[in-house]
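Notes to accompany the following structure.
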């Protein structure tokens, strides 16, 4: 396999990672030097009809980068923006999806893009208060960086009450979560923000009608918000034109796993996965690609050969039987034991299930225990059917998508790699690929 | 199997969860818990204080209190009924019977004026437990812990099992006939100079027969208002002391002023209704001798020493006159103009100036106040001025029934005023009489809040106690004790604070030779040769009371009692009487009547271990 990387240098880091080429990219001065806060300043001065801002975001084809891929402009338009009640804007920086790490880098390297994006979104939805819910584990670097940037913006008079005499108010607050995966689910995040245990709420009512403290609320991912300033600055047509139809713009791909150079790269949507892999130096040690989880562990696994023929955009990955999710590809080479991988993933879901819905609370533990016994060589072939059955009974039977997310890996691993599970069961826990006992590595 | 497999497919190890200690009322079996969070939502949404919560996540989630606390709310026993799997069960009842072995009999709760509906579950004649009976108009699906666990007191160790007669200081058991003969002869000999004290928790039938016997003995000295101090204005009493509105309508109140009431203690179900009203935006103000904890927002809270209570209420009335721009009724004008109005009084008055349905309630603490007549006159003036309804939260489950049945010295059954009113409970205990009859497990030092009353009774020539319990107090003063059935062992009727008549059949068999109170009084009436004591059943008695009350039309208090002074004058006050010092005693929730006092689990709760406060 060729490791010669195709040339994407002119297409790399166009949107959110644009200032990364500059020194101290997280400062206000650097951000301003690339045209930062121009859009916000224009909005404060001209005060265009709020709907026109939303229309531009709609036209850009920006879709929610948190995983579900819901069109961002459409979501903003659901806000009752002329209603006189207090409305809220919430940024979901609770980036906990295993494999995903682009929000962290936005907070570290370009926090002002997020702040400006939130300010623009607040203007578009006629909101005056926003919260940035940041994952607790980010206390080391991302939170201080973001806080510093926030202080800079306030000091520069870009946020606050009656900003620059425009009569527009916008306050942005940072909230640091306590590190539960489920708090990345938007309604659980709202509960957590309200000071309750993070437990997803039933939808409907959707947050746009009944969100934070029961008030209309818009929640978007960090990357979605941070893309907005560039979209408005360079024009929605430019952004939409970067990617294929229905998947406009750029995406930050978090490449992890068995690649030579794991990294975050911002590239236009629709880039072939093979090119993405080559940009990261190919599979570790020149080995053969076995499988890829293309959007964080919550999406189904895709065999390597299929993935090499797939482009990284919403529709193409969907056609390959998975989902683009957060754009975080976990690459696995040929020495990977899929049973062990699945056991590890199911252990994650077991410990992160909030416990609200019975199928998920009991089912994630059940699946993990079944898989542990496969690894220990104490299972029977019939139990694979049971495992699949448990997964099928979780999927679609829970309040939030966590249940689905815990079931999809099981379903997809069994669909593509059933023979590995069967081999391990038949051979008392010996792995098909690495010739070690399953329990040793687990 | 037609409905799925008969064996579980789950072969993995199951988790077990340690049981919680939630206090003396609720036992736990936490491995049964399915995390439905009903109990948690109950404490949050109905009780108003989150005493239970979830700790942990996913499989490790546990329903428990925060850091080994107990569950203390007065309605918390309802989580036992709510728990769908039996993870939360009744601690006293647990393991004592099987649900399917018991018969279920509807009962009425006798401990407060709500008349909450209960089911008594009976196994072979013994009351094993009490659960809520749904009645949306009264208790919805909830009952207070007091109503749920008081049944334990029925089987107290000091239950009186046979009629007993005292000679000197020795008590000896005897048979019903000779005991009743002795009582009848003794009372006949002292007719006209005796006092009858009845528990406010007795049934209408018992109260009515007690009143008839008293009047048959040429006396009007019968009373159930044992803790009341001030009877100056009793002639103006309404038909019965009630809430002045339906309990269900409390939910829809827009404004409420509560005067002298520890509402959560006195009537937990009513406090819950008020909490519901506040959830819909009702404004509530309180005028109390102390700051009591409430789990709903209060617009105003006036804390006022007992001696200042009347002055403060007059000031609220003065402020209300300013707010509404209406004139204070003439008979109150003088005292109101003397009141010093502060912002706190204005805030309380402002509450009643709101639009919509408004109410002023006088609680049990107000009724125990030495100037109750003044308080009521001022409260009535306030209600009249603001257009609010006037109500009272009475003690005992049947205060309304006692009024209607004539168990008061100034009226006979059917609200017929007597020309020469008898002695009130207070006067009976202040002035020695030749004979006393105590009906319904009365323990004078607690029920009349006066230790001296016991000495007064002890001076009588004959003291007859018709009581379920042979308490130490009664043993020391009585000459004859007749065993009577408790609320669960008698058929009877209760009239609740909204005037609703509710009848029940006896659920349990009376313990020992105890008999339902109405039967004892009926035979006593026969032995006294009184006319018309040939009742065949409690229904026969009830029919007579209802016939007497047929023409009665409930009307609010319309007295014109003149408040002469804002602070108490010496009139009627006596050394040793609490009235003299003005001390108000806030009877603890689990001390209100003889049965509750004997319920061991309730006594072990935090509330049960808290001594009475006096203000």
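The values are calculated or read from the model by the stated rules, or taken from the named source; none is laboratory data. Being a predicted model, the structure only gives us computed values, none of them experimental. As a convention, Cβ positions derive from the backbone with ideal geometry for all residues, glycine included, and neighbour counts pool all protein chains shown.
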Quiz item: Can you find a residue in the stretch A:341-355 that is more than 14 Å from chain B (Cβ to nearest Cβ), on the phi < 0 side of the Ramachandran plot, assigned to a loop (DSSP other than H, G, I, E, B) and at pLDDT below 95?
Solution: no
Being over 17 Å from residue A:118 (Cα atoms) and in contact (Cβ under 8 Å) with a residue 24 or more places away in the chain narrows A:194, A:186, A:260 down to just A:260
Among B:285, B:305, the single one that is touching a residue at least 24 places away in the same chain (Cβ under 8 Å), under 24 Å from residue B:352 (Cα atoms) and surrounded by fewer than 19 Cβ atoms within 10 Å (Cβ to Cβ) is B:305
For residue B:84, the lone unmet condition from (1) within 14 Å of chain A (Cβ to nearest Cβ); (2) at pLDDT below 90; (3) out of contact with any strand residue (DSSP E or B) (no Cβ under 7 Å at 6 or more places or on another chain) is (2)
When every residue in the stretch B:53-68 that is in a loop (DSSP other than H, G, I, E, B) and loosely packed, with under 15 Cβ neighbours inside 10 Å is compared, the one farthest from the other protein chains (Cβ to nearest Cβ) is B:68
When the stretch B:340-362 is checked residue by residue, the ones that are touching a helix residue (DSSP H, G or I) at 6+ places or on another chain (Cβ under 7 Å), buried (at least 24 other Cβ atoms within 10 Å of the Cβ) and in contact (Cβ under 8 Å) with a residue 40 or more places away in the chain are B:345, B:348, B:352, B:360, B:362
Given the conditions (1) in contact with a strand residue (DSSP E or B) (Cβ under 8 Å, 6 or more places away or on another chain); (2) away from every other protein chain (no Cβ under 11 Å); (3) within 23 Å of residue A:185 (Cα to Cα); (4) part of a loop (DSSP other than H, G, I, E, B), every one holds for residue A:400 apart from (1)
Filtering the stretch B:513-532 for residues that are more than 17 Å from residue B:219 (Cβ to Cβ) and assigned to a loop (DSSP other than H, G, I, E, B) leaves a count of 4
Going through the stretch A:424-437 in order, the residues found to be within 19 Å of residue A:386 (Cβ to Cβ) and crowded, with 17+ Cβ neighbours inside 10 Å are A:424, A:425, A:429
Every listed condition ((1) over 25 Å from residue A:104 (Cα atoms); (2) within 23 Å of the chain's Cα centre (by Cα); (3) away from chain B (no Cβ under 14 Å); (4) not in a loop (DSSP other than H, G, I, E, B)) holds for residue A:360 save (3)
Filtering the stretch A:121-151 for residues that are surrounded by fewer than 23 Cβ atoms within 10 Å (Cβ to Cβ), under 21 Å from the mean Cα position of the chain (by Cα) and in a helix (DSSP H, G or I) leaves a count of 6
Filtering the stretch A:131-157 down to residues that are farther than 13 Å from residue A:111 by Cα and either within 14 Å of another protein chain (Cβ to nearest Cβ) or touching a strand residue (DSSP E or B) at 6+ places or on another chain (Cβ under 9 Å) (or both) yields A:131, A:133, A:135, A:136, A:138, A:139, A:154
The number of residues in the stretch A:186-208 that are surrounded by fewer than 22 Cβ atoms within 10 Å (Cβ to Cβ) and within 14 Å of another protein chain (Cβ to nearest Cβ) is 7
Checked the stretch B:24-52 for anything within 14 Å of chain A (Cβ to nearest Cβ), crowded, with 17+ Cβ neighbours inside 10 Å and not in a helix (DSSP H, G or I); matches are B:33, B:35, B:37, B:52
Does the stretch A:327-338 include one or more residues that are more than 14 Å from chain B (Cβ to nearest Cβ), surrounded by fewer than 24 Cβ atoms within 10 Å (Cβ to Cβ), more than 30 Å from residue A:280 (Cα to Cα) and in contact (Cβ under 8 Å) with a residue 60 or more places away in the chain? no
task: Answer yes or no: is there a residue in the stretch A:416-429 that is closer than 30 Å to residue A:251 by Cβ and within 14 Å of another protein chain (Cβ to nearest Cβ).
output: no
Condition set part of a loop (DSSP other than H, G, I, E, B) and crowded, with 24+ Cβ neighbours inside 10 Å, scope the stretch A:317-326, selection farthest from the other protein chains (Cβ to nearest Cβ): answer is A:324
